[in-house]
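Working notes for the structure below.
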Amino acid sequence: EVLPTTKKASVCQCLRLVKGLRKKCLPPILHVSRLNSSTSSSPVPRITTHYTVYPRDKDPRWEGISMERFADEADVIIVGAGPAGLSAAIHLKQLASEQGKELRVCVVEKASQIGAHTLSGACLEPKSLQELFPDWKERGAPLHTPVTEDKFGILTEKYRIPVPLLPGLPMRNHGNYIVRLGHLVRWLGEQAEQLGVELYPGYAASEVLFHEDGSVKGIATNDVGIAKDGSPKEVFERGMELHAKITIFSEGCHGHLAKQLYKKFNLREKCEPQTYAIGLKELWIVDEKKWKPGKIEHTVGWPLDRHSYGGSFVYHLNEGEPLVAIGFVVGLDYQNPYLSPFREFQRWKHHPAIAPTLEGGHRIAYGARALNEGGFQSIPRLTFPGGLLIGCSPGFMNVPKIKGTHTAIKSGMLAAETIFQKITDENFHSETAGVHLPEYEENLQNSWIWKELYAVRNIRPSCHTALGVYGGMIYTGIFYWIFRGKEPWTLKHKGLDAHQLKPAKDCTPIEYPKPDGKISFDLLSSVALSGTNHEHDQPAHLTLMDDSVPVNKNLSIYDGPEQRFCPAGVYEFVPVETGDGQKLQINAQNCVHCKTCDIKDPSQNINWVVPEGGGGPAYNGM
Amino acid sequence: MSARVLVGVKRVIDYAVKIRVKPDKTGVVTDGVKHSMNPFCEIAIEEAVRLKEKKLIKEVIAVSCGPQQSQETIRTALAMGADRGIHVDVSGKDYENLGPLQVSKILAALAKKEDVRLIILGKQAIDDDCNQTGQMTAALLDWPQGTFASQVDFQEDSLKVEREIDGGLETIKIKMPAVVTADLRLNEPRYATLPNIMKAKKKKIDTVKPSDLGVDLSSQLEVLSVEEPSQRQAGVKVETVEDLIKKLRDSGRI
């Protein structure tokens, strides 16, 4: 007000320029002072260096580096070689060979080998596999364990209350197979290669490419050779562009490219937000006397309270050795920030109804993955110009059955049929450069997937009353068993999982028992069993939109829930080098790609992006 | 320079995987376990490809001995820049008995057959840690060897090799044809990027049997058993020096 107008204007202009520069191009210095830091005035240590947060075109270290990419064309590109992606690829090639047409189908997969990132219970309903390969048995599909016994129980701290599984309840498994899904996926990969599908494991799709008209053009694989601080190394090389008429996104639960697509094409405007659970799993070689091949056991209740959705599974496999798959699922809408899904899993194993199976045995594998719980209400729009979504990415899991593989396979097949029809039709002219296929969504809504998910849509949300999980069980007994989901109402979910946490001061810390090293174990030795590893000299792929939020918000309000919900020990709050206070340390190498942090971070500040292809867990038949 | 270089690449269990001993104690579980190229073999291929890029040699041939899956490892080598591959098909019992002596006989035979002037190998494999194949191959061919190489300078008819030894660095000059084994600091291998993997599909991989090369795979070694290392016993803390001496006496140590 004292300054003449012109000087004030130029000062303001200067300030704007400086602020703009700071926001866009953070030079590689360790400390960034925040003018409006709410709790402390100490500098925030620089954590995130990934180019998705700090773009390279504004970064002086990248001046002069060629960013050109090699490009190639295919008819269809599929992102993710899981059950859905591989079924789509296989079915496209089956149709092409039936009708004498040529189709180039390329599948990119971030795992170093097909099946290495696959983790599931799993109890497979074989109907869609039967549709894909009526001769699956002759082809040697690894379905070796038909279900022989199916038990359900409610656990209290000391006892187990058996619950009868009446015919008609979704949890009954008669006719199904216990499988090691990683091995089934590996087998699907072999079938795909035999049919001529081009499979590229070890190459992650890191970017969606767009035509000028906004339709999807394809994907680009990850760049390699970027150092931990974000600068280019000598071995830096750009990823490759793969262009296609249509791109299928089958990244599994909470895919990172799908997250971008939801925003870009507004695919979630009419559906409820997806809600999730985390599933932790171990494989055990048990004492032969305890081994009952084909037996399935599910429990709910202890150690979770009735307000925390979750439960366990114990599946006895029949593949030669006395192998048992055990696991624990915790709904990510839990409210207590002191809850640690990993430690709930470890203490559940000590229950008198569970521990005897494990005594005398030893653990040979560990892993974790997020899974969908939203069901029907959370299915987004599935198609957009140039692409479509299949499998657990949009989410077709039947929650009470805890099965999503059969619907994933079917969705892949439907996508293949719809795509094949369209792109081999000579009279078809697409309005957009990338093909738009709303017919896929129509076909899906007319299929048994839709009917099945509609019928069970109210079971999960019925757990949100004061009766908690038991309310859900009562609801299932009455409305599902009697009315088979025909009730005219559709219950809603609670909203985003990330918003369900209560502040730490309103909650009680949970006293978890120490692991005994025989039945229960510590986190780090468990993570080692997942075989996970990443090239260490690369930017952390767990990126923070704002480096100050973990300490200022997550730690101060919620006591840092990320150090508890991550099943791999990626997030640690450690003391700062000088002075008081803590900082977040991200051990990106431990990551098992479960996606829980991206889902449950109460500040939604963590953005999981794909690391260099080939990194991540090395699951074998999980 | 019209020299040909032979590079051996071995398919091993990935270094980050937790291995498990088979219940029958005959070996380690390999089925379905993540495998990758031995890290020292990656360094060997990188060195050979760099020599080719500098136009010091004409052709890089990647060799792997093993079952069908060894072809994946050769493909990776081709994607890194090797010109062609040779898969020596060894499987079953023969593969279980395949050790440095057998592999070096194969490499020696191939070196003669392909008229090779330089063999580059990794110094050792991370599964058996033998550190013998390079040395045995040189002996069978009666060629000089530059092992644990951290730098290789190509000169007209000879090589200047800087070696990592216990006392520090030793530089030797050896005449070609020769065998070099790569140590960690020789170079940083490049990534096998997707366009190169796609191009590698068009490069040739010949399959040969050890009998075609006149090699006898019989082994003088027999593995009796493979076991996990014994569990580490918990330590015991004592309060005073007297307690320590008493404990040592009681357990018969002193």
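Remark: pairs (first residue in the stretch A:122-145, loosely packed, with under 14 Cβ neighbours inside 10 Å; second residue part of a loop (DSSP other than H, G, I, E, B); Cβ separation under 7 Å; 6+ apart in sequence or on different chains) = A:139/A:133.
Just wondering, is there one or more residues in the stretch B:145-161 that are modelled with pLDDT of 95 or more, more than 14 Å from chain A (Cβ to nearest Cβ) and over 18 Å from residue B:48 (Cβ atoms)? Within the stretch B:145-161 (the criterion being modelled with pLDDT of 95 or more, more than 14 Å from chain A (Cβ to nearest Cβ) and over 18 Å from residue B:48 (Cβ atoms)), the answer is no, since none of the residues qualifies.
The set of residues in the stretch A:204-214 that are under 20 Å from residue B:197 (Cα atoms) and either within 11 Å of chain B (Cβ to nearest Cβ) or surrounded by fewer than 17 Cβ atoms within 10 Å (Cβ to Cβ) (or both) comprises A:204, A:205.
Per this entry, residue A:282 is counted among residues that are within 14 Å of chain B (Cβ to nearest Cβ), buried (at least 21 other Cβ atoms within 10 Å of the Cβ), in contact with a Phe, Trp or Tyr (Cβ under 9 Å, 6 or more places away or on another chain) and not in a loop (DSSP other than H, G, I, E, B). Counting only residues that are surrounded by 11 or more Cβ atoms within 10 Å (Cβ to Cβ), over 30 Å from residue B:71 (Cα atoms) and in contact with a helix residue (DSSP H, G or I) (Cβ under 9 Å, 6 or more places away or on another chain), the stretch B:204-254 holds 1 of them. For the stretch A:553-576, a residue qualifies if it is over 21 Å from the mean Cα position of the chain (by Cα), over 19 Å from residue A:336 (Cα atoms) and touching a residue at least 40 places away in the same chain (Cβ under 8 Å), and exactly one does: A:576. State whether the residues of the stretch B:194-203 include one that is more than 14 Å from chain A (Cβ to nearest Cβ) and either more than 30 Å from residue A:517 (Cα to Cα) or in a strand (DSSP E or B) (or both). Yes: the stretch B:194-203 contains one or more residues that are more than 14 Å from chain A (Cβ to nearest Cβ) and either more than 30 Å from residue A:517 (Cα to Cα) or in a strand (DSSP E or B) (or both). Kindly indicate whether residue A:462 is assigned to a helix (DSSP H, G or I), touching a Gly at 6+ places or on another chain (Cβ under 9 Å) and either closer than 25 Å to residue A:257 by Cβ or away from every other protein chain (no Cβ under 14 Å) (or both). Judged against the criteria, residue A:462 is a match. Screening the stretch A:215-260 for residues that are part of a loop (DSSP other than H, G, I, E, B), on the phi > 0 side of the Ramachandran plot and surrounded by fewer than 24 Cβ atoms within 10 Å (Cβ to Cβ) and picking the one that is nearest to the other protein chains (Cβ to nearest Cβ) gives A:230. Just checking, does the stretch A:571-586 include any residue being within 26 Å of residue A:237 (Cα to Cα), modelled with pLDDT of 95 or more and more than 14 Å from chain B (Cβ to nearest Cβ)? Within the stretch A:571-586, one or more residues are within 26 Å of residue A:237 (Cα to Cα), modelled with pLDDT of 95 or more and more than 14 Å from chain B (Cβ to nearest Cβ). For the stretch A:154-162, the criterion of being of a type in the set (D, E, K, R), in contact with a strand residue (DSSP E or B) (Cβ under 6 Å, 6 or more places away or on another chain), away from every other protein chain (no Cβ under 14 Å) and buried (at least 16 other Cβ atoms within 10 Å of the Cβ) is met by at least one residue. Scanning the stretch A:289-305 for any residue that is surrounded by fewer than 22 Cβ atoms within 10 Å (Cβ to Cβ), assigned to a helix (DSSP H, G or I) and more than 25 Å from the chain's Cα centre (by Cα) turns up at least one such residue. I want to confirm something. Restricting to the stretch A:172-183 and keeping residues that are away from chain B (no Cβ under 14 Å) and within 19 Å of residue A:281 (Cα to Cα), which single residue is surrounded by the fewest Cβ atoms within 10 Å (Cβ to Cβ)? For the stretch A:172-183, the residue satisfying everything is A:177.
Scanning the stretch B:20-38 for residues that are within 12 Å of chain A (Cβ to nearest Cβ) and either among the hydrophobic types (A, V, I, L, M, F, W, C) or surrounded by 14 or more Cβ atoms within 10 Å (Cβ to Cβ) (or both) yields B:20, B:21, B:29, B:30, B:32, B:33, B:34, B:35, B:36, B:37. Residue A:108 fulfils the conditions (1) surrounded by fewer than 24 Cβ atoms within 10 Å (Cβ to Cβ); (2) out of contact with any Cys (no Cβ under 7 Å at 6 or more places or on another chain); (3) aliphatic (A, V, I, L, M) except for a single criterion, (1).
The residue of the stretch B:113-133 that is surrounded by the most Cβ atoms within 10 Å (Cβ to Cβ), among those that are closer than 19 Å to residue B:73 by Cβ and without any contact (Cβ under 8 Å) to a residue 40 or more places away in the chain, is B:130. Here the stretch B:3-19 is the region considered, the condition is being outside any strand (DSSP E or B) and touching a strand residue (DSSP E or B) at 6+ places or on another chain (Cβ under 7 Å), and the residue that is nearest to the other protein chains (Cβ to nearest Cβ) is B:16. Among the criteria (1) more than 14 Å from chain B (Cβ to nearest Cβ); (2) in contact with a strand residue (DSSP E or B) (Cβ under 7 Å, 6 or more places away or on another chain), the one residue A:117 does not fulfil is (1). Residues considered: B:185, B:232, B:163, B:190. Of these, the only one that is touching a strand residue (DSSP E or B) at 6+ places or on another chain (Cβ under 8 Å) and free of Cβ contacts under 8 Å to residues at least 24 places away in the same chain is B:163. A single member of A:338, A:366, A:334 is touching a helix residue (DSSP H, G or I) at 6+ places or on another chain (Cβ under 9 Å), within 14 Å of chain B (Cβ to nearest Cβ) and among the hydroxyl-bearing types (Ser, Thr, Tyr), and it is A:366.
The values are calculated or read from the model by the stated rules, or taken from the named source; none is laboratory data. Just so we're clear, the structure is a prediction, and the values are computed from it rather than from any experiment. When we count neighbours, we look across all protein chains shown, and the Cβ atoms used for this are built from the backbone with ideal geometry, even at glycine.
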